[in-house]
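Structure record follows, encoded as structure tokens.
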Amino acid sequence: MTNPYRQLPSLDALLARPELRPLIAEFGREAVRDEARGLLDAIRAAIRAGEAPPSGDAIVVRLQDRVRRTLAPSLIPVINATGVIVHTNLGRALLSDAAQRAMMEVASSYSNLEYDLDAGRRGSRYIHAEALLTRLSGAEAALVVNNNAAAVNLVLRTLAAGQEVIISRGELVEIGGGFRIPDILAQSGAALVEVGTTNRTRLADYENAITEKTGLLLKVHQSNYRIVGFTEEVGIRELVGLARRQERPMPVVNDLGSGTFLDTRPYGLAYEPRVQDSIAAGADVVTFSGDKLLGGPQAGIILGRKEIIARLKRQPLTRAFRVDKTTLAALQATLLAYLRGTATEEIPVWRMISAPAETLARRARAWADALTQAGVRVELRAGGSAVGGGSLPGQTLPTTLLTLPTDHPHRLLAALRAHTPPVIARVEEDAVAFDPRTVLPGQEAALLNGIKHGVKVLLE
Ligand SMILES: *Cc1c(COP(=O)(O)O)cnc(C)c1O
């Protein structure tokens with residue numbers, strides 16, 4: 001019997017294999033050598049445990065796999081076949097072509113990010129996008145920060161630290177990722193004063209809670225849940241009236257969460273509070289996300305009265321929440337589509353919301369035909385897509401689903417996730433379902449390959 005350890009290549013011999021050249025070019029010699037050393041150690045341990053030594057070719061494959069598994073970029077594109085448009089786990093909003101181009105331009109060239117071209121001296125990054133935002137919303141001034149959580153924190157800290165903030169019990173929500181309104185309030189140094197009950201809060205509840213310690217009245221969009229039945233809430237206009245009637249008037253702040261400029265009702269959805277409606281109702285500050293229903297980059301948008309926005313801009317914390325230049329570029333381009341009136345054609349979130357049922361059915365039928373020809377058994381079913389992003393919970397847009405009946409839906413989902421690019425689908429009763437609404441036209445061939453791959457894995 002030959003010594004099994006002798007059959008293993010030396011580290012240098014392994015690294016000299018020509019098949020590994022691309023791997024070394026991509027990840028660097030040092031990282032590949034470290035992984036190779038670790039792999040050879042693991043193989044020696046397996047031999048000690050009684051396993052046969054692998055072939056040289058098998059070692060190369062395992063090394064390639066090991067290096068990619070640990071060092072290949074982990075953030076990669078996936079195919080969203082869930083039908084959830086603003087999918088919080090899958091990167092939320094996709095950017096329009098114009099926004100992508102704007103991002104690229106400002107990323108690859110110097111820009112006037114903080115330079116005043118008229119005066120020839122230092123300028124402010126906070127002026128970009130402001131004119132577009134005020135024009136679209138009717139607000140006096142605007143400030144863009146990194147995300148809406150930062151926006152809410154900044155506003156509360158600046159306007160209400162050391163004071164009390166009055167909010168309805170029905171709005172003490174937790175948004176995804178552990179963002180809880182009571183915690184945000186505590187972090188900002190404001191004391192929470194809850195009024196009303198979970199399902200009913202009246203104007204008198206706010207009125208009775210106002211003291212000389214009250215810093216502001218806060219209204220928060222319920223976001224990802226809805227109270228139905230015996231309910232009552234107070235609108236922005238009434239809150240503003242109450243705040244103005246006080247001896248010492250206080251601001252009314254409205255955290256809209258998803259924040260939309262467009263009306264959701266023409267698509268058969270309920271009314272989602274619009275940014276401009278909140279401003280028109282008199283809210284002193286409105287905050288919302290850039291990458292939910294707005295359909296732009298991740299950002300927190302703060303609109304409001306000039307003097308309040310000026311205070312926010314001076315607050316030192318704003319520096320920590322400041323927005324990146326590529327974000328500003330993408331946001332400007334996104335807002336321009338609203339100004340032109342082409343948002344439903346240009347902005348992917350709105351293109352998906354407004355996709356005609358007939359187009360969705362036609363795409364699902366084409367997928368079904370292609371898969372049937374490949375010997376895969378599929379069915380078309382009527383179903384519903386969701387807007388997501390914490391807006392319009394429980395409401396759906398009618399769609400046509402491609403479904404694959406199977407006794408092992410979770411095994412099929414796992415095989416789809418393991419495909420390149422990964423396919424994320426969902427389970428509908430006894431089947432795995434694919435919704436054309438969120439699958440990009442350019443991804444259809446990859447989707448069908450992924451499904452065929454998944455079915456093959458199921459049969460193994
Ligand atoms: C989503 C959401 C937030 C947080 O916004 P991010 O952009 O995720 O930081 C805050 N408030 C409400 C009501 C939300 O829906």
**OP:** Compute the relative contact order of segment 244-291 as a whole-number percentage, counting only Cα pairs closer than 8 Å that sit 6 or more residues apart in sequence.
**Re:** 46 percent
Subject >> Helix 56-71 vs. the chain, principal-axis angle (Cα, 0 to 90°, nearest 10) >> reply: 10 degrees
**OP:** Under a cut-off of 13 Å between alpha-carbon atoms, report the aspartates and glutamates in cross-link reach of LYS456, not counting same-chain residues fewer than 8 places apart.
**Re:** none
Subject >> the chain: angle of helix 325-340 to the longest principal axis, Cα-based, in degrees nearest 10 >> reply: 60 degrees
Original post:
Once amide H atoms are placed 1.01 Å from N in the peptide plane, what residues at a sequence separation of 5 or more from THR214, or on another chain, have their amide H within under 5 Å of its amide H?
Top reply: GLU164
Original post:
Quick one: which of LYS213/LYS313; LYS213/LYS325; LYS219/LYS306; LYS292/LYS313; LYS213/LYS306 span more than 27 angstrom between C-alpha atoms?
Top reply: LYS213/LYS325
**OP:** Quote to one decimal, in nm, the extra length available between GLN315 and THR342 on full extension: 0.36 nm per residue of separation minus the C-alpha distance between them.
**Re:** 6.1 nm
Original post:
Length gain on complete extension for the stretch GLU114 to ASP369, per 0.36 nm per residue less the alpha carbon to alpha carbon distance?
Top reply: 86.4 nm
Subject >> Counting DSSP beta bridges with both ends in the chain, the antiparallel % (nearest 5) >> reply: 60 percent
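Any read-out appearing in this document is the output of simple, stated calculations on the displayed coordinates, not a laboratory observation. Predicted model only: the values in this text are computed from it and were never measured.
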